[in-house]
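Q: I am attaching a structure below and will ask some questions about it afterwards.
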Amino acid sequence: MPTPGSIVRCRERDWVLLPGADDDRLLLRPLTGRSDEVVAVSRTLSDLLGSTLPTERVIDARFPLPTLDEIQDAQATMLLWQAARMALRDGATPLRSPGRISIRPRLYQFVPLLMALRLQPV
């Protein structure tokens, strides 16, 4: 069975497996979703339904290798890297300020926040 933090496939969608307190309950967050979109799936029920409904079984995700036609230039690579950083931002801990107040920026606040963090301090 996959370990917490690994990417799994269930219900024809890719998920990140989160750590949970219960051994029978799997906590899944959509790969492209937010932390408030977490769903719980019963491991026992998933295995039972997996024999008749294969999409209900939680399995390791597989991604196809890139082909020569999909190779792009450095600018496209940088764009993909930045998109992956923004998509996986919820995997990290919240930002900490000097006042020890943790914040989680909303999607529309994230780009201006990154721009502000890159400015030289006054």
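Q: Filtering segment 82-105 down to residues that are part of a helix (DSSP H, G or I) and farther than 30 Å from residue 49 by Cα, which residue is modelled with the highest pLDDT?
A: 82
Q: Residue under question is residue 79, and the condition is that it be modelled with pLDDT of 80 or more, surrounded by 10 or more Cβ atoms within 10 Å (Cβ to Cβ), in a helix (DSSP H, G or I) and not assigned by TED's automatic domain parsing to the domain that holds residue 33; does it hold?
A: Against the criterion (modelled with pLDDT of 80 or more, surrounded by 10 or more Cβ atoms within 10 Å (Cβ to Cβ), in a helix (DSSP H, G or I) and not assigned by TED's automatic domain parsing to the domain that holds residue 33), residue 79 qualifies.
The values are calculated or read from the model by the stated rules, or taken from the named source; none is laboratory data. All figures in this text were calculated on a predicted structure; none of them were measured in a lab. Heads up, the Cβs are rebuilt from the backbone with ideal geometry, glycines too, and the neighbour counts pull from every protein chain shown.
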